[in-house]
Each structure stands twice: as C-alpha cells, then as structure tokens.
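See below for the structure under consideration.
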Amino acid sequence: MGETTHLNKSQQNKKRGMQLYIFVLFLCFSPVISYIFFEMYPFYSGYGIVKMIATGILAIMLVPQAMSGNIKFSVVSFLYGLYLLNTIILNILITGNIGFLKGMLYGNDFLILLLLIFLDNARSMNDLFHKNIFNLIWVMFILAILVILYQEFIDPMFASGHMDRLIKREGIVGRDQWRNHSYFGLLGLEANGFTFVSLYGIILGHLVKTRKQIISFIVFGLGALFVFLTKTRWIMIYFLIVSSPIIISFSRLKIQYIIYFVITLVLVLGLLLFLSFPVEDVIKNRILDEDKGGITEGSFGARQHNYDVFFKHFSRTFWGGIYLSGVSQDYFDDLDRRIDADLIGVFHPISRYGILGSWPLYLFYMVLLYKLYVFYRLSGNITYFLIVLGFIVSAMSMGNFSLADFGLMIALSLYWSESKELNNKFKQTFKNQNQVSIIGNV
C-alpha cells in the first residue's frame, strides 16, 4: 500500500506543472511560429495569430476548473478583471453599443486576465520542466543575437515586417537610423525590447544569484551588443534597469567589477568598430537626435508635447477620461492627430477612462510590484521585480502599456512557479507552527 502511494506521488511529481510547462513552451516558440506564419501568409499578422492561439490555450486549460466551480482568484487577477469590467462599461457608455466586445476577446487585456487566472489555478513546474525552460531561454537569447547581427551586417530584410522592409528598401532613413528587431519583430514593435530584455534578465538574474561572475559579464556584454544594434533609446533604458543586479551583487568586488565592466564594454565597442558599424552616427543621430536639432527637438520633444497635452486637460478628464468628459476633440486637436493614440504609456488608461475606470489597473501594478519585491527579499532573486519595474518605467514614453508581451508573460509564469515552490518550502518548514504563506500566488 505504501509503495503504491509512493509510486502515485512520484508519477504526479513528474507531471506536476505540465499545463504551465506547455504554455510557457508555446510562449518560447511564439517568435518562430509568428515568423513562419508571416512568411506563409505575408498579408496577415503573425503576432495576431500567436496571440489568438495563446488566448485559446489558456481558455481551454481553464474550462475544466471553471465547469467544476473549483477556480481560484488572487488579488491581482481580481483587480485586473475589475479593470477590464470598468473599461467594458465605460466603452458601452462612450460608444452606445457592444460591438467592441468581439475585438476585446482577442485583445491584450483579456489575454493577461486569462493568464493571471490560469496562474492562480495551475501547479508549479517540477525541476525538470524548469531546467528545460531555462535551457530554451538560453537558446532564444543566443539566437536573437545571431539574427540581429545577420540583419545589421548581411540581410536587413530578414525576419522584418512590412514597414521595416519598406523603410530599409526605400532608404527612408539611413543605416544609423533604421531599427533592428531580430526575430522578435513579428511579435509587435516593442517585442525586440520587452521580449529580449525579459529573457536576458531571467538569465542574468540566475547567474548573479549563483555568483557566476565571468559568465554574468559575458551575458551583459552580449545583451549590450543586442540593445545597441536595436538603436532604440527606451530599450537601452530598460536594459540598464534590468542589468542593475550586476552592480548590486558585485559592488563589493570594486576593482574586479570595474575591470570586468570596462573589458566588457571595450570588447563590445571593438567588435562593432571591427564590423564597420556606424557607432558615432548612431550615438549622434539616433540617440542624441543631433540631425534634428538636439534631443529636445526629436522624438523626446514629441513625447514632451504629448505629456504637455495630457496635463493641460488632466483636471477636466481626471474622473471620467477624455471621452466622458467631452474633451476628446480638443485633446486630439492639441496633439495634432485624429487617432486614439499618444505616447504617454503608463498614463494612457487614466487619460482614456479617468480614475473611475483605471484605478484597479494602477492598484494591480502596485500589488504585483509588492509581491515581486517580497519574493526578492525571500529568495534573493530580484530579476522579476526589475523586469516589471523596468517595463513600467520604459512604457512611460510609449503608446503601449500592456503586459501582453511574450517575454513578459514568460517572466510572470516563471516567477509564479518559483514563488509557489518557495511557498511550499515555507509551509513544509513551518507546518507545525501554524504559519501562513507570505507570498501567495501571482
């Protein structure tokens, strides 16, 4: 009887976290799936397809528990669901119909809500599944660097979307200005930043935690190489935020740290110069916007203008947003555009829905950051906290403010699995002392 029970537990342990493992595997292969689909059907969005597949996978996995009535909701999934409900109600009031609901089923917010509920109810991955995922992330990291080098120095059209190909083919901007997305470009315009830096952060956090100093700086150098080749400032900011564990963990080394850091940067710069990469032109024209009259006259100036307009109308739109407050026309006239998009990122929800509609979202991020910080204090792994914090900071100058990025979703899934394992250890340690779990699910 005892042997049978032990065998059953062993079999269950081998399958533990299978659903989560399958979903994270899909997230890891999503850039390749998107690329293949785009090459087969170039007039359709590969990103749209993989996002629909991800939504479908999560929905199918949740059906059995939903039907049984044994489904759990954490604070963060409740807050995100409340935010989504608020936006639905406000959109009905704004548009006077429910036609937008069909699009929301395939939208970013619904995907993230399903992910959060799925993580609340899934089991953590066993050690073998974790090891396989980390190995796959390493492969994705190296492949991303090889592809972006290939795009920059051999074939700029490779794995590029329609707009990128047009810009490069027609010479609309020079080589120092065009963007490289590696093989993440078909997952959305921000994927070369959010997806890559999330994967980089997961690797770096593991190396720093295990005190693998030399390999950590090699990974930092490879990450810096990739980020510089993207020629995108917000990605550079995001990269520096996520790279901070090197400084935090190795600060006691002082001289050794400085030597590693200098050698890493010299090697990266030397490689770029050896490959005839226009380093000086990228710094002057892409980063500092000297060809446009300086950084305040280029894209930074455009973002400042967006914020000026936002704060100009803030007192009138604080409660209900620009639509319910009846100032949308003035707002977009001041932006000099007619579309519902601007570059205020983090403040986009409160601009559109006011504090009445957006407060659950901002509380969601506060609670999530708190949980990630507690996890860091208990586990020593600050990676996931910095990935989400860096996302919020870098999103302040973008039109998109959504966690529906495949790299960010991989990071959230791994954090949840690791935090669940940590909780189990605490429960095992203190089970005779009636202690409660400190972290909780995502």
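The values are calculated or read from the model by the stated rules, or taken from the named source; none is laboratory data. All of these numbers come straight from a predicted model, not from anything done at the bench. Note that we place each Cβ from the backbone using ideal geometry, even for glycine, and neighbour counts take in every protein chain shown.
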Restricted to segment 35-54 and to residues being under 30 Å from GLY321 (Cα atoms) and crowded, with 19+ Cβ neighbours inside 10 Å, the residue modelled with the highest pLDDT is LYS51
Single match in ASN135, ASN126 (criterion: over 25 Å from PRO278 (Cα atoms), polar (S, T, N, Q), over 17 Å from the mean Cα position of the chain (by Cα) and at pLDDT 90 or above)
ASN135
Test ASN306 against the criterion of being modelled with pLDDT of 80 or more, assigned to a helix (DSSP H, G or I), out of contact with any Pro (no Cβ under 6 Å at 6 or more places or on another chain) and of a type in the set (S, T, N, Q), and give yes or no.
yes
Please go through segment 118-138 and pick out each residue that is free of Cβ contacts under 8 Å to residues at least 60 places away in the same chain and either assigned to a loop (DSSP other than H, G, I, E, B) or touching a Lys or Arg at 6+ places or on another chain (Cβ under 6 Å) (or both).
ASN121
Kindly evaluate LEU414 against the criterion of being hydrophobic (A, V, I, L, M, F, W, C) and out of contact with any Leu (no Cβ under 9 Å at 6 or more places or on another chain).
yes
Counting only residues that are crowded, with 23+ Cβ neighbours inside 10 Å and of a type in the set (Ser, Thr, Tyr), which one in segment 364-384 is farthest from SER244 (Cα to Cα)?
TYR384
Return yes or no: is LYS312 modelled with pLDDT of 85 or more and out of contact with any Phe, Trp or Tyr (no Cβ under 6 Å at 6 or more places or on another chain)?
yes
Residues that are under 20 Å from LEU414 (Cβ atoms), modelled with pLDDT of 90 or more and not β-branched (Val, Ile, Thr): does segment 81-100 have at least one?
no
Looking at segment 103-127, which of its residues are more than 18 Å from LEU27 (Cβ to Cβ) and among the hydrophobic types (A, V, I, L, M, F, W, C)?
MET104, LEU105
Residues satisfying the stated conditions in segment 67-110, i.e. buried (at least 19 other Cβ atoms within 10 Å of the Cβ), over 25 Å from the mean Cα position of the chain (by Cα) and either touching a residue at least 40 places away in the same chain (Cβ under 8 Å) or not in a helix (DSSP H, G or I) (or both):
LEU90
Filter segment 143-163 down to residues that are within 21 Å of the chain's Cα centre (by Cα) and touching a residue at least 40 places away in the same chain (Cβ under 8 Å) and give me whichever is nearest to PHE406 (Cα to Cα).
ALA144
